[in-house]
Amino acid sequence: MENYDQLLVYLCNRLEHFDNDCVAFLKNHSKKYIETEQEMNKILEHPVIRKFLINSDDIYLTEEEHKLFIRYMGLENYLYTLESTIIYLLGCHDAAMLQKIFHEFKNEKQPKFQRTEEQ
């Protein structure tokens, strides 16, 4: 039972940090991710766009600002897609690891020596 509790603690802890791990992975390994983030930050330097994203007040955008906003939303969607892809791929890896862990845990719970009919 103690091993099962330790496994649950590990899994809960892993899930808490999973999203951050995926973003950190992308920041360390994807030039496109970093470039996209930088472009988004540059768009956010535009005061009207920043205000539009933060405020719930009525704001009117010029045609240029509207194009910037649409670009920003597209970039945000692209980052989300990259993050989701990494989460999926790391999830596949973790699922394989979990299968192994659960298999080992299941085998640990079975008696080591089973009585045979001859005994």
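The values are calculated or read from the model by the stated rules, or taken from the named source; none is laboratory data. It should be emphasised that the depicted structure is a prediction, and the values quoted were computed from it without experimental measurement. In this analysis, Cβ positions are derived from the backbone assuming ideal geometry, glycine residues included, and neighbour counts consider all displayed protein chains.
Pairs are defined by a Cβ separation below 8 Å, a sequence spacing of at least 6 or placement on different chains, a first member in the stretch 18-35 that is free of Cβ contacts under 8 Å to residues at least 24 places away in the same chain, and a second member that is of a type in the set (Val, Ile, Thr); the pairs so defined are Lys27/Ile34. Just to be sure before I move on: is Asp5 of a type in the set (Asp, Glu), closer than 30 Å to His103 by Cβ and either assigned to a helix (DSSP H, G or I) or without any contact (Cβ under 8 Å) to a residue 60 or more places away in the chain (or both) in the structure I sent? Yes: the conditions hold for Asp5. For the stretch 63-76, state whether one or more residues are among the small types (Gly, Ala, Ser), assigned to a helix (DSSP H, G or I) and closer than 30 Å to Lys100 by Cβ. Looking through the stretch 63-76, none of the residues is among the small types (Gly, Ala, Ser), assigned to a helix (DSSP H, G or I) and closer than 30 Å to Lys100 by Cβ. Filter the stretch 36-71 for residues that are touching a residue at least 24 places away in the same chain (Cβ under 8 Å) and within 18 Å of Thr81 (Cα to Cα) and give the result. Once the filter is applied, which keeps residues that are touching a residue at least 24 places away in the same chain (Cβ under 8 Å) and within 18 Å of Thr81 (Cα to Cα), the stretch 36-71 yields Thr36, Glu37, Glu39, Met40, Arg71. The number of residues in the stretch 55-77 that are at pLDDT below 90 and either surrounded by 10 or more Cβ atoms within 10 Å (Cβ to Cβ) or aromatic (Phe, Trp, Tyr) (or both) comes to 3.
Okay, residues lined up against (1) over 19 Å from Asn77 (Cβ atoms); (2) in a helix (DSSP H, G or I):
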position: Arg14; (1), (2): yes, yes
position: Phe18; (1), (2): yes, yes
position: Asp21; (1), (2): yes, yes
position: Ala24; (1), (2): yes, yes
position: Lys32; (1), (2): no, yes
position: Thr36; (1), (2): no, yes
position: Lys42; (1), (2): no, yes
position: Ile49; (1), (2): no, yes
position: Ile59; (1), (2): yes, no
